[in-house]
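**Student:** My questions all concern the structure below.
The values are calculated or read from the model by the stated rules, or taken from the named source; none is laboratory data. Here the structure is a predicted model, which is why all the values come from computation and not from measurement. Cβ placement follows ideal geometry from the backbone for every residue including glycine, while neighbour counts extend to all protein chains displayed. Each accessible area value is taken on the protein alone, full model and side chains, heavy atoms only, with ligands, DNA and RNA left out. Shrake-Rupley method; radii C 1.70, N 1.55, O 1.52, S 1.80 Å.
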Amino acid sequence: MVTSRYRALDDAFAGYPHRLHYAIKANSTVALVRHLRALGAAADANSGGEIAVAQRAGFTPEDIIFTGVGKTHAELVQAVTLGVKAINAESPGEVARIADIAAAHGRVARVAVRINPDVDAGSHRHISTGLHVNKFGVSIDDARSMIQDMARRPSLQVVGLHVHIGSQVTRSEPLARAADAIADLALSFVGQRVALEHVDLGGGLGIAYEPDQTVVTPADYAAAVLPAVRRTGLTLLLEPGRWIVGPAGVLVGQVVDLKRQPGSRWFVIADAGMTDLIRPALYEAWHGIEPVRPRPGPPVQSDIVGPVCETSDTLGSDRTLSPVEVGDLLAVRDTGAYGAVMASNYNRRPLAAEVVVDRDTWTLVRRRQTVDEMMQLDV
Ligand SMILES: Cc1ncc(COP(=O)(O)O)c(C=O)c1O
């Protein structure tokens, strides 16, 4: 599924020079990142650790973009000395730090500016990033002065403009507005000393988690943003994550208990919970849940919960679930993005194993963490 989704998104932009930089944050399992590289993707890394994953997966520095609102000194040294394709700078202070680091290492750092276009992505407030009240990027006016400043610094090369207004964006209109804002800014530099190479529209394309949810398609997405990008004549970069890998993943858990509280619904208690998939607790996200092998009988109104000591450890509430018994397997759908990458050891629960399924074959690509491994860092 990852292969067909990557190709579908790539094909939607086929009429214009572009490159998909897979957002490693969505799912950073090395085997998967390596597969996306083999398909022709480049990489978008959000930390020094993700740059290391990109390298482990075989990406060369020229294929890696480095984004992040709080890059540390060590991470900037890592990116500058590697010579990544672009560091998306998020503040005037960061530009100065990159310039100093590059000068100290005798390098010219390739830098883009992340703009904050003050556009409401219309997604959950925890994953909207393009409003002026959000911590991300700089205003259009600040970007203008930052770029003038960057153009005067010999240790920097200004290569692009970047915008990412949020994740799980389901309508094309905010994406089009962000593209317009970045195109206008790019065009304002024509004839100046700034030779931009690309505009980077970030990620954000949403997926349908709920059965009747309507979500912008790749074709609509391309139709919405390409008119603005064409005006610039610059190469288009995109940083998709969720759309490519989200629907490709399933979290499998086992029912460990069933119980009913007085006057309440049934609780189906699974051995998988918020430590494996935090999206429902964090964003009130909805994921389809179903038994792997449905049993006959009338469905039961249930809350499907995990074993963790938090009431928010609920995978799905008030669901109509076909009957299950202790020991049955449950599948939680669309967990390929922001699932395993956000897992934790809370309650000292070891991380789950990851398996890639390709038609009728399956391969273990990340083994289950052992309890001893979990305690290895304790001194
Ligand atoms: C800068 C940046 N680029 C790309 C992405 C990937 O977004 P998505 O998985 O919604 O496509 C994110 C995630 O929010 C991001 O912060």
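**Student:** Among the residues of segment 271-291, what is the count of those that are open to solvent by less than 70 Å² (accessible area, probe 1.4 Å), under 21 Å from Ala353 (Cα atoms) and not small (Gly, Ala, Ser)?
**Tutor:** Qualifying residue count, segment 271-291: 11.
**Student:** If you don't mind, another one. In segment 87-100, what count of residues is obtained for those that are open to solvent by less than 10 Å² (accessible area, probe 1.4 Å) and over 13 Å from Gly137 (Cβ atoms)?
**Tutor:** 3
**Student:** Out of (1) within 21 Å of the chain's Cα centre (by Cα); (2) surrounded by fewer than 23 Cβ atoms within 10 Å (Cβ to Cβ); (3) farther than 19 Å from Ala181 by Cα; (4) touching a residue at least 12 places away in the same chain (Cβ under 8 Å), the odd one out for Gly122 is which?
**Tutor:** For Gly122, the exception is condition (3).
**Student:** Sort out which residues of segment 194-220 are within 11 Å of the ligand (Cβ to nearest atom) and either touching a strand residue (DSSP E or B) at 6+ places or on another chain (Cβ under 6 Å) or closer than 17 Å to Asp180 by Cβ (or both), and write them in order of number.
**Tutor:** Asp200, Leu201, Gly202, Gly203, Gly204, Gly206
**Student:** Out of curiosity, is Val216 closer than 30 Å to Val365 by Cα and open to solvent by less than 30 Å² (accessible area, probe 1.4 Å)? Don't jump to the end; show me each part of the working.
**Tutor:** Working: closer than 30 Å to Val365 by Cα: no; open to solvent by less than 30 Å² (accessible area, probe 1.4 Å): yes.
When the stated conditions are applied, Val216 does not pass them.
**Student:** Now for a different question. I need the full set of residues from segment 219-238 which are open to solvent by less than 10 Å² (accessible area, probe 1.4 Å) and more than 18 Å from Arg171 (Cβ to Cβ), in order please.
**Tutor:** Across segment 219-238, the qualifying residues are Val229, Leu236, Leu237.
**Student:** Would you confirm whether or not segment 245-253 contains a residue that is touching a strand residue (DSSP E or B) at 6+ places or on another chain (Cβ under 6 Å) and within 25 Å of Ala112 (Cβ to Cβ)? Can you show your working first?
**Tutor:** Within segment 245-253, the subset touching a strand residue (DSSP E or B) at 6+ places or on another chain (Cβ under 6 Å) is 250-253.
Remaining after also requiring within 25 Å of Ala112 (Cβ to Cβ): none.
No, the conditions are met nowhere in segment 245-253.
**Student:** Considering segment 306-322 alone, what residues qualify as being surrounded by 14 or more Cβ atoms within 10 Å (Cβ to Cβ) and in a loop (DSSP other than H, G, I, E, B)?
**Tutor:** Selection gives Gly306, Pro307, Val308, Glu310, Ser312, Asp313, Ser322.
**Student:** For segment 12-45, give me the residue count where each residue is of a type in the set (Gly, Ala, Ser) and within 16 Å of the ligand (Cβ to nearest atom). First the steps, then the outcome.
**Tutor:** If we filter segment 12-45 for residues that are of a type in the set (Gly, Ala, Ser), which is where we start, we get 12, 14-15, 23, 26, 28, 31, 38, 40-43, 45.
Adding the requirement that they be within 16 Å of the ligand (Cβ to nearest atom) leaves 12, 23, 26, 28, 41-43, 45.
Residues flagged as of a type in the set (Gly, Ala, Ser) and within 16 Å of the ligand (Cβ to nearest atom) within segment 12-45 amount to 8.
**Student:** A follow-up question, please. From the list Val255, Val245, Val268, exactly one residue is within 16 Å of the ligand (Cβ to nearest atom), β-branched (Val, Ile, Thr) and open to solvent by less than 50 Å² (accessible area, probe 1.4 Å). Which is it? Break it down stepwise before answering.
**Tutor:** Numbers: Val255 fails: within 16 Å of the ligand (Cβ to nearest atom); Val268 fails: within 16 Å of the ligand (Cβ to nearest atom).
Just one listed residue meets the conditions, Val245.
**Student:** Still on this model: Looking only at segment 126-176, how many residues end up being farther than 20 Å from Leu76 by Cβ and either surrounded by 23 or more Cβ atoms within 10 Å (Cβ to Cβ) or more than 13 Å from the ligand (Cβ to nearest atom) (or both)? Steps first, answer last, please.
**Tutor:** So the first thing to find is which residues in segment 126-176 are farther than 20 Å from Leu76 by Cβ, and the list is 126-134, 139-141, 144-145, 148, 163, 165-176.
After this cut, where a residue has to be either surrounded by 23 or more Cβ atoms within 10 Å (Cβ to Cβ) or more than 13 Å from the ligand (Cβ to nearest atom) (or both) as well, the list is 130-133, 139-141, 144-145, 148, 163, 165-169, 171-176.
Here the count works out to 22.
**Student:** A further question follows. Return the only residue of Ala179, Ala228, Ala224 being part of a helix (DSSP H, G or I), among the small types (Gly, Ala, Ser) and more than 16 Å from the ligand (Cβ to nearest atom).
**Tutor:** Numbers: Ala179 fails: more than 16 Å from the ligand (Cβ to nearest atom); Ala224 fails: more than 16 Å from the ligand (Cβ to nearest atom).
Result: Ala228 is the single residue among Ala179, Ala228, Ala224 that is part of a helix (DSSP H, G or I), among the small types (Gly, Ala, Ser) and more than 16 Å from the ligand (Cβ to nearest atom).
**Student:** Quick check on segment 154-176: of everything there that is in a strand (DSSP E or B) and closer than 30 Å to Asp334 by Cα, which residue is farthest from the chain's Cα centre (by Cα)? Walk me through how you get there before you give the answer.
**Tutor:** Here is the first cut: in segment 154-176, the residues in a strand (DSSP E or B) are 156-162, 166, 169.
Right, trim to closer than 30 Å to Asp334 by Cα and you get 162, 166, 169.
Values: His162: 15, Gly166: 10, Val169: 12 Å.
Going through the qualifying residues, I end up with His162.
**Student:** What is the one condition in (1) farther than 16 Å from Phe267 by Cβ; (2) more than 23 Å from the chain's Cα centre (by Cα); (3) among the hydrophobic types (A, V, I, L, M, F, W, C); (4) not in a loop (DSSP other than H, G, I, E, B) that Val379 does not satisfy?
**Tutor:** (4)
**Student:** Can you say whether Gly106 is at positive phi and either open to solvent by less than 40 Å² (accessible area, probe 1.4 Å) or within 14 Å of the ligand (Cβ to nearest atom) (or both), as far as the supplied structure shows? Before you say what the answer is, go through the steps one by one.
**Tutor:** Values: at positive phi: yes; either open to solvent by less than 40 Å² (accessible area, probe 1.4 Å) or within 14 Å of the ligand (Cβ to nearest atom) (or both): no.
Criteria not met by Gly106.
**Student:** Filter segment 46-80 down to the residues that are aliphatic (A, V, I, L, M) and within 12 Å of the ligand (Cβ to nearest atom), then identify the one that is most open to solvent (accessible area, probe 1.4 Å).
**Tutor:** Going through segment 46-80, the residues aliphatic (A, V, I, L, M) turn out to be 51-54, 57, 64-65, 69, 74, 76-77, 79-80.
Those left that are additionally within 12 Å of the ligand (Cβ to nearest atom): 65, 69.
Values: Ile65: 0, Val69: 61 Å².
That would be Val69.
**Student:** Among Asp358, Asp303, Asp328, Asp334, which is the only one that is buried (at least 16 other Cβ atoms within 10 Å of the Cβ) and within 25 Å of the chain's Cα centre (by Cα)? Break it down into steps so the answer makes sense when it comes.
**Tutor:** Values: Asp358 fails: buried (at least 16 other Cβ atoms within 10 Å of the Cβ); Asp303 fails: within 25 Å of the chain's Cα centre (by Cα); Asp328 fails: within 25 Å of the chain's Cα centre (by Cα).
Step by step, each of Asp358, Asp303, Asp328, Asp334 is checked, and only Asp334 is buried (at least 16 other Cβ atoms within 10 Å of the Cβ) and within 25 Å of the chain's Cα centre (by Cα).
**Student:** Follow-up question, since we're still on this one. In the set Asp184, Asp220, Asp257, which member is modelled with pLDDT of 95 or more and over 30 Å from Gly339 (Cβ atoms)? First the steps, then the outcome.
**Tutor:** Working: Asp220 fails: over 30 Å from Gly339 (Cβ atoms); Asp257 fails: over 30 Å from Gly339 (Cβ atoms).
Of the residues listed, the single one that is modelled with pLDDT of 95 or more and over 30 Å from Gly339 (Cβ atoms) is Asp184.
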